[in-house]
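To keep things clear, I will list the structure first and then write my remarks on it.
The values are calculated or read from the model by the stated rules, or taken from the named source; none is laboratory data. This one's a predicted model, so the numbers in the text were calculated from it and none came from an experiment. Cβ atoms come from the backbone with ideal geometry, glycine included; neighbour counts cover every protein chain shown. SASA here: full protein model, heavy atoms, side chains in, ligands and nucleic acids out. Shrake-Rupley method; radii C 1.70, N 1.55, O 1.52, S 1.80 Å.
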Amino acid sequence: MSVSNSAPGWGLPRPPRRRVSMRSVRVHGRYFPVVEETSAGGLVVKVVDGIPYVAVIARRNRSGRREWCLPKGHLEPSETAAQAAVREVAEETGITGHIVAPLASIEYWFSSYERRIHKTVHHYLMEFVSGEVTVEGDPDHEAEEAAWVALAEVSQILAYPNEKRVVDIALDLLYPKSGDNRDH
């Protein structure tokens, strides 16, 4: 008698071909381990002649296309999200900001070659303190360019819809009664 779930001729159960845990997800017939990642960054606002500007960076996406986004990066061990946000903004833009308020935490999924990544990014509203905008201090060399963009126009150049929503939340915090008049 042949037992389909046993090693040949021994009558012992076969070990499973692949262990699937709660930390795996099936995509197109394959199981991928799930990795949790956390990043933090900020929407840094600088007011010049009554007009608010936001610091943004340009980096390459996985397909090599240049995209404008808000500065952000991974938390270091024993670092809070707020501390990481201040550090990452300084590294990627050359400017120092002071946290005014938390804005939003965004969650999304993406895949790399052998895993699925569940990423959470904590965004903070920050006030410009000092520095000159530059990417020279970016240790990972991910940021290709950093620039100040008018707050009223920044959503037009941001690549990611979630970051555009972060800008909308910041606008609502900064101008709660102004409605659509958010130019300054």
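General remarks:
- Close amide H partners of Met126, meaning residues 5 or more places away or on another chain with modelled amide H under 5 Å apart, are Leu43, Val44, Val45, Val100.
- In this structure Arg116 has an accessible area near 50 Å², from a 1.4 Å probe over the protein heavy atoms.
- Label positions at Thr120 and Glu144, each projected 7 Å from the Cα along the C-beta direction, are separated by 3.2 nm.
- Extension gain, Glu107 back to Ala159 (0.36 nm per residue minus Cα-Cα distance, nm): 17.1 nm
- Only aspartates and glutamates eight or more places from Lys119 in sequence, or on another chain, were considered; those with a Cα closer than 20 Å are Glu36, Glu37, Glu67, Glu76, Glu79, Glu88, Glu92, Glu107, Asp140, Glu142, Glu163.
- Span from the segment 80-159 Cα centroid across to the segment 32-64 one, whole angstrom: 3 Å
- Rolling a 1.4 Å probe over the protein heavy atoms leaves Ser105 with an accessible area of roughly 70 Å².
- ³J(HN,Hα) computed for each position of segment 160-167 - Karplus, 6.51 cos²θ - 1.76 cosθ + 1.60, integer Hz, glycine/proline x: 10, x, 4, 6, 5, 5, 4, 4
- With each label modelled as a point 7 angstrom along the Cα→C-beta vector, the Thr38-Glu132 pair spans 3.6 nm.
- Candidate cross-link partners of Lys177 among the lysines, defined by an alpha-carbon separation under 19 Å and a same-chain spacing of 8 or more, are absent.
- Cα-based convex hull volume of segment 52-184 per residue, rounded to whole Å³: 117 Å³
- Rounded to 5, the percent of DSSP beta bridges in segment 44-129 classed as antiparallel: 90 percent
- Taking a straight Cα-Cα cut-off under 13 Å and skipping sequence neighbours fewer than 8 places away in the same chain, the aspartates and glutamates within cross-link reach of Lys46 are Glu127, Glu132.
- Global geometry of segment 114-184, whether rounded, prolate or oblate, following the gyration tensor of its Cα atoms and the 1.5 cut on a/c: oblate
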